[in-house]
Amino acid sequence: MNRKTLACPCCDNAVLRHIRHGKVYWFCTHCRQEIPILGIERTPVEASISEAIALGQPSVKA
């Protein structure tokens with residue numbers, strides 16, 4: 001599996017990918033900043049999570 005480590009633009013430490021309220025973003029654990037992901041399309045799983053949240057469904061089957 002090829003994993004590319006992304007760096008925080010503020011401190012250059014590794015960032016973690018998070019999903020909250022149907023939105024995907026990067027989070028830096030060092031400076032504790034949320035970094036938005038710009039210019040990408042959502043994956044099918046992210047789209048189904050967003051739809052489930054919008055419809056008020058308690059869980060999503062993947």
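In segment 43-60, the residues that are under 15 Å from His18 (Cα atoms) reach residues that are modelled with pLDDT of 70 or more and loosely packed, with under 15 Cβ neighbours inside 10 Å with C-beta atoms within less than 8 angstrom, at least six apart or across chains, in these pairs: Glu46/Ile19; Ile49/Ile19. Does segment 17-28 include one or more residues that are in contact with a Leu (Cβ under 9 Å, 6 or more places away or on another chain), open to solvent by 90 Å² or more (accessible area, probe 1.4 Å) and at pLDDT 80 or above? Checking segment 17-28: at least one residue is in contact with a Leu (Cβ under 9 Å, 6 or more places away or on another chain), open to solvent by 90 Å² or more (accessible area, probe 1.4 Å) and at pLDDT 80 or above.
The values are calculated or read from the model by the stated rules, or taken from the named source; none is laboratory data. Every value quoted in this text rests on a predicted model; they were computed, and no experiment measured them. With ideal geometry, Cβ positions are generated from the backbone for all residues, glycine too; neighbour counts draw on all protein chains shown. Surface accessibility is based on the protein's heavy atoms, side chains included, excluding ligands, DNA and RNA. Shrake-Rupley method; radii C 1.70, N 1.55, O 1.52, S 1.80 Å.
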